Structures are given as structure tokens and as C-alpha cells.
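Worksheet: the structure to be examined is printed underneath.
The values are calculated or read from the model by the stated rules, or taken from the named source; none is laboratory data. Here the structure is a predicted model, which is why all the values come from computation and not from measurement. Positions of Cβ are generated from backbone atoms using ideal geometry, with glycine treated the same way; all protein chains shown enter the neighbour counts. Ligands, DNA and RNA are stripped out before the accessible areas are found, and what is left, the full protein with its side chains, is counted by its heavy atoms. Shrake-Rupley method; radii C 1.70, N 1.55, O 1.52, S 1.80 Å.
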Amino acid sequence: MKIIETFGHEMFGRYWDFKGRTSRRSYFFTWLVGLLINLSLSFLAFLNPFMSVIALLWVFGTLIPTIATTTRRMHDVNKSAAWWVIVIVPFVNIIFFLSLLLAKGTGGHNNYGEDSSIVFALFCPVCDIEVSEEASFCKNCGIDFDLMVCSKCDRPFEEGDQFCSSCGANV
């Protein structure tokens, strides 16, 4: 899953979702993109006072999903949302949030749901049907997943091909 898609899924696809779990990877990417957006908006607000209004709207608009994502991450390491109380303790709060970024989630099922390390489904690059992670071919269209695929259009190509027969890109 791409970084921006992960951010969109965690922040806006699960806006009010305080249940379940968020993996370490998803949490890290969500915080990374959020930090970059916040820094960019702060810089723009410094240059143009009107942008401070936009920055403020962004902060308030992302407050709930930020709390929800962090709560789900706490769940992933089998901690209750009651651990939010720790944010009022200076320095300890920084160590706690760093531990959320670094700690591996509980393997398998825990008190808050199934393992979050496999968050997103896999899809066939040709017919866009969901497939299992172990599948070596698509049961719908028959494509062999071990074949090489075009980086531009995700269509398979044969070894020795110089161009994609679908989009014409160099392979």
C-alpha cells in the first residue's frame, strides 16, 4: 500500500473508528504524512496570514481521526484507550508515543481484534479481483502472479519484451 493511500485510509476512511487495530507501519506513515502536511501549512501560514486559517481548519478537521488512529494503535499493542491519560505527563508522553511508533503489535488476536499487520487486501493487477496473499495465480482471469508486470499499467509481459503491449511503456 502506498504512503498517501495509507494516510487517506487511516485518517479519512476510518474517521470515527475507535475500534480495532492500526499496524505500526500504517501508524508511522499516517504520522509522517500528517507531520509533513502540518509543517507545510505552518510554513505557508508564515508567508501568508490567510493560510493560518486553512492550517487551523486542517488541525481541527484531523483532530478526531488522529485520536482514533492513535487509539487503534494502542489497541494493536494491547493497550486500552485509557492510556491517553499519559499525554499530560511531560517527557513521558514523548517516550510513550515513540514506543507506539516502534513497538510491534500483538501477533494474532488480542483484546481489540485480529492482527493488524495485514491491513489491506491484495488485488489481481489485471481484473482487480481480491486474491489471497498465498495465491500464485488469479482464479478469475488465470494470470500467473510470478510473471513480471508493467510498472505503469500493471499488465503482465513476457521475459524478453522491451515494451508493454498494453500501454507501450519500456519494460
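Screening residue 60 against (1) in contact with a Gly (Cβ under 9 Å, 6 or more places away or on another chain); (2) farther than 30 Å from residue 124 by Cβ leaves a single unmet condition, (1).
On the basis of being open to solvent by less than 60 Å² (accessible area, probe 1.4 Å) and modelled with pLDDT under 70, does residue 126 make the cut?
Spelling it out, residue 126 is indeed open to solvent by less than 60 Å² (accessible area, probe 1.4 Å) and modelled with pLDDT under 70.
Of the listed requirements (1) open to solvent by 40 Å² or more (accessible area, probe 1.4 Å); (2) at pLDDT below 90, residue 153 misses just one: (1). Of the helices (runs of 4 or more DSSP H) lying entirely inside the range 1-97, the ones with 2 or more residues being more than 19 Å from the chain's Cα centre (by Cα) and either buried (at least 17 other Cβ atoms within 10 Å of the Cβ) or free of Cβ contacts under 8 Å to residues at least 60 places away in the same chain (or both) are found at 24-47, 49-76. Among the residues of the range 94-109, not a single one is modelled with pLDDT of 80 or more, farther than 26 Å from residue 27 by Cβ and of a type in the set (S, T, N, Q).
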